[in-house]
Amino acid sequence: PWIDVITGEIHQAQIFVGALGASQFTFVEATATQGLPDWIQSHVRMWEYFGGVSEIVVPDNLKSGVTKAHRYDPDINANYQHMSEHYGFAIVPARIYEAKDKAKVENAVGCIERQILAAIRHKTFTSIAEINAAIKPRLAVFNQQAFQKMKTSRQILFNEIDKPALKKLPKEKYQ
């Protein structure tokens, strides 16, 4: 939660999580809503954080991305589709009730809840920017720490596997 210092109103931040497939390198940020503008801008910031664009994105069936879920022919939000064309990635939405379609990010969400969000849950924030400032250093630590069962980290795997496979960012940000 965060408190608007002018009105005193308490708002609930929404957490956007993106993870790359091979390395599980993770991006996290707080947004005000799950609406289309926040959804699109979170993707833009995620690609900038990764330093490139993956070939495929497997989003959840959030209305901002998928207007009508369907196993074989989902309807993608027109703005989300335009963004995918601008950045050159394919959208393959996860099937409804099939968490295994996005297992890497589902795992990342659990880890983020335990290792980042739990650590900042007792702090009082007055803006989304403050929340993101608290998340940023913890995310760097999270991506650099070694996996429990492997002697490597998300950062190392990202540098070795995912980063070379990412496509270049377009010269212009999507607007």
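State which residue pairs qualify: first residue aromatic (Phe, Trp, Tyr) and inside segment 153-169, second residue crowded, with 16+ Cβ neighbours inside 10 Å in any location, beta carbons under 9 Å apart, and separation of 6 or more residues or different chains.
Phe158/Leu20; Phe158/Ser23; Phe158/Gln24; Phe158/Phe25; Phe158/Phe50; Phe158/Asn143
Residues are listed down the side, and each one gets a yes or a no for (1) in contact (Cβ under 8 Å) with a residue 40 or more places away in the chain; (2) touching an Asp or Glu at 6+ places or on another chain (Cβ under 6 Å); (3) assigned to a helix (DSSP H, G or I); (4) among the β-branched types (Val, Ile, Thr):
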{"position": "Val105", "(1), (2), (3), (4)": "yes, no, yes, yes"}
{"position": "Gly110", "(1), (2), (3), (4)": "no, no, yes, no"}
{"position": "Gln115", "(1), (2), (3), (4)": "no, no, yes, no"}
{"position": "Ala119", "(1), (2), (3), (4)": "no, no, yes, no"}
{"position": "Arg138", "(1), (2), (3), (4)": "no, no, yes, no"}
{"position": "Phe142", "(1), (2), (3), (4)": "yes, no, yes, no"}
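Would you point out which residue out of Ala134, Ala129 is exposed (fewer than 12 other Cβ atoms within 10 Å of the Cβ) and small (Gly, Ala, Ser)?
Numbers: Ala134 fails: exposed (fewer than 12 other Cβ atoms within 10 Å of the Cβ).
Unique residue meeting the criteria: Ala129.
Among the residues of segment 138-155, write down those that are out of contact with any strand residue (DSSP E or B) (no Cβ under 9 Å at 6 or more places or on another chain), of a type outside the set (D, E, K, R) and either open to solvent by 70 Å² or more (accessible area, probe 1.4 Å) or modelled with pLDDT under 95 (or both).
Our first condition is that a residue be out of contact with any strand residue (DSSP E or B) (no Cβ under 9 Å at 6 or more places or on another chain); within segment 138-155, this holds for 140-141, 148-151, 155.
Then keep just the ones that are of a type outside the set (D, E, K, R); that gives 140-141, 148, 150, 155.
Passing the criteria: Val141, Gln148, Met150.
Considering only segment 8-49, state which residues are out of contact with any helix residue (DSSP H, G or I) (no Cβ under 9 Å at 6 or more places or on another chain) and acidic (Asp, Glu).
Correct list: Glu9, Asp38, Glu48.
Please tell me if Asp73 is part of a loop (DSSP other than H, G, I, E, B), modelled with pLDDT under 95 and either farther than 22 Å from Gly88 by Cβ or out of contact with any Pro (no Cβ under 6 Å at 6 or more places or on another chain) (or both).
Working: part of a loop (DSSP other than H, G, I, E, B): yes; modelled with pLDDT under 95: yes; either farther than 22 Å from Gly88 by Cβ or out of contact with any Pro (no Cβ under 6 Å at 6 or more places or on another chain) (or both): yes.
Answer is yes for this residue.
The values are calculated or read from the model by the stated rules, or taken from the named source; none is laboratory data. Since this is a predicted model, take the numbers as computed values, not measurements. A quick note on method: Cβ atoms are made from the backbone with ideal geometry, for glycine too, and the neighbour counts reach across all protein chains shown. Each accessible area value is taken on the protein alone, full model and side chains, heavy atoms only, with ligands, DNA and RNA left out. Shrake-Rupley method; radii C 1.70, N 1.55, O 1.52, S 1.80 Å.
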